[in-house]
Each structure stands twice: as C-alpha cells, then as structure tokens.
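Visitor: The following block contains the structure, expressed as structure tokens.
Here, each number is a calculation from the coordinates, and none is a lab measurement. Everything numeric in this text was worked out from a predicted model, so none of it was measured. Quick reminder, even Gly has a Cβ in these numbers, built from the backbone with ideal geometry, and neighbours come from all protein chains shown.
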Amino acid sequence: MSGRHEPPSDRSFYFSLATSTLRFALIVALVVGGVVLIDQAFPKGGTAAPPPGASSSSSPAPSATPSGSPSGTPSPQIVGVRIGVFNGAGVTGLAATTASKLEKQYGYVPAQVTDAPSPVAVTTIYYRSADDRIEAEALAANFFSGLDVKISRLPASATNVEQKVQVAIYLGSDYASAQGG
C-alpha cells in the first residue's frame, strides 16, 4: 500500500445518501401538504353545528337580511333558535298551532308552548339577550309581517319564561283576529 487514500470505486454510498435526502424531502412535503389539507377541511371559526334538538330541514332557512345590508350586520340564525309561544288571545290551541307552523316553515325549536299569564292585545316578541334581538326582528318581519308586532327585551321579572327560551312570543288578540279566530 502506498499510503494514499483512494476514493471508493463504489458509488452506492453517494446514491444511498441522495436517496435518503430525497425520501426526507418527500416526507416533509407530504406532512406539510397534509397539514394544509386538514386546515382547509376544518377551518377555524367555521359555522357551528345546529344545537341539539334542532329540526333538520331540507329547505334553506329564509333570510331576514335585505340584500343591500352592510356586511357588518349579523344575519339571523333562525334554524335551531329556541322559542317560547304564549297564547295571550284566549283562543284554544293558538300557541300550539303557531309553534308547529314556526317549526315546520322556518326551523325554530319550540322550547315552551303555553298560555300567557294574562290577556295580550298586541302580539309582542321578547328576546332574552342582545344577540337574540336579530332573531326576534327576523321573526317579526317573516312570520308576523302583516301585524304591528312589538319587539322588546325580556324583562328580568318574566319568571314564567323558561331559561332555555331565546325568543318569547306573546300572541295577542290582533294575531288571533288575523288568523280568523
């Protein structure tokens, strides 16, 4: 031996190094692509599923937002909103019939259906929180469009309205007359 170090005549060492690097780059690309794909499939802040007990409907919910509304205005949820329907007109079955119509036509969820504690002359829609106000307004515009419905925040003293109710509808004699009752 001359003491000289000769380069390996076999190129398999260089080939395996290049193959390992290529494999590593391919794995990294697949992982990054998978992360991007999952992020696109499950966006953060996407629409939430309707609450439990929400009526599933094959038709889309009507929108109460006019077509020219500003983009910052929230649109009503309607489908899945828990309502209370109170018969203040004294017409037997009025609350139940109205709750059934609201569920079938719009997807509201009747959470409480009963008689009002006292007679009501003008149909009034109460909303529990500021977030529910748009729901009350949409209900007045869509379902009670022919009436002069009052919309107001539910007073804390309204103990007859169950806590789960987001929008309480007190049907008045004006609504009963419009229904032919």
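Visitor: So if I check each of TYR106, TYR126, TYR175, which one is surrounded by 14 or more Cβ atoms within 10 Å (Cβ to Cβ) and touching a strand residue (DSSP E or B) at 6+ places or on another chain (Cβ under 7 Å)?
Guide: Within the list TYR106, TYR126, TYR175, the selection yields TYR126.
Visitor: With respect to ILE134, is the statement that it is among the hydrophobic types (A, V, I, L, M, F, W, C) and over 16 Å from VAL81 (Cα atoms) true?
Guide: Numbers: among the hydrophobic types (A, V, I, L, M, F, W, C): yes; over 16 Å from VAL81 (Cα atoms): no.
So ILE134 fails the test.
Visitor: Quick one: in region 131-167, of everything that is touching a residue at least 40 places away in the same chain (Cβ under 8 Å) and touching an Asp or Glu at 6+ places or on another chain (Cβ under 9 Å), which residue is surrounded by the most Cβ atoms within 10 Å (Cβ to Cβ)?
Guide: Here the answer is VAL167.
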